[in-house]
Amino acid sequence: MNLAYRELKKADEYLKEYVKGLEEMMYMTSQDVRRPVANIIGLTNIINDFINSPAQLKKPIKYLKQSAVELDLFLNELTAFIGNLEKKGKSQ
């Protein structure tokens, strides 16, 4: 009986540490990574809209923005995925 209790307690501690790790990863993706991506997207909008850029500059800006938008979409999906894992972990 004592062994079963220790194993259950050990599993519970592992689960709590796992959820804590997911929460930290979720914070990192939502704050530390998404902020610079949003800044890149905003800067490409400013450059495109307010500066009379030559055509040679507009094309790389377009590709830069496209890459930043794709990364932003991925980060949104990753944040949602981590959030779902976190909810599942807390409910069990």
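Which is within 24 Å of Glu86 (Cα to Cα), of a type in the set (Phe, Trp, Tyr) and touching a residue at least 40 places away in the same chain (Cβ under 8 Å), of Tyr18, Tyr27?
Details: Tyr27 fails: touching a residue at least 40 places away in the same chain (Cβ under 8 Å).
After applying the criteria, what remains is Tyr18.
Determine if the stretch 72-85 includes at least one residue that is part of a helix (DSSP H, G or I), of a type in the set (S, T, N, Q) and either surrounded by 15 or more Cβ atoms within 10 Å (Cβ to Cβ) or in contact with an Asp or Glu (Cβ under 9 Å, 6 or more places away or on another chain) (or both). Outline the logic, then answer.
Here is the first cut: in the stretch 72-85, the ones part of a helix (DSSP H, G or I) are 72-85.
Now restrict to residues that are of a type in the set (S, T, N, Q): 76, 79, 84.
Restricting the remaining residues to those that are either surrounded by 15 or more Cβ atoms within 10 Å (Cβ to Cβ) or in contact with an Asp or Glu (Cβ under 9 Å, 6 or more places away or on another chain) (or both) gives 79.
The answer is yes; a qualifying residue exists.
Bear in mind that the values in this text are calculations on the coordinates, not laboratory data. Not measured: the values here are computed from a predicted model. Reconstructed Cβ throughout: ideal geometry from the backbone, glycine too, with neighbour counts over all protein chains shown.
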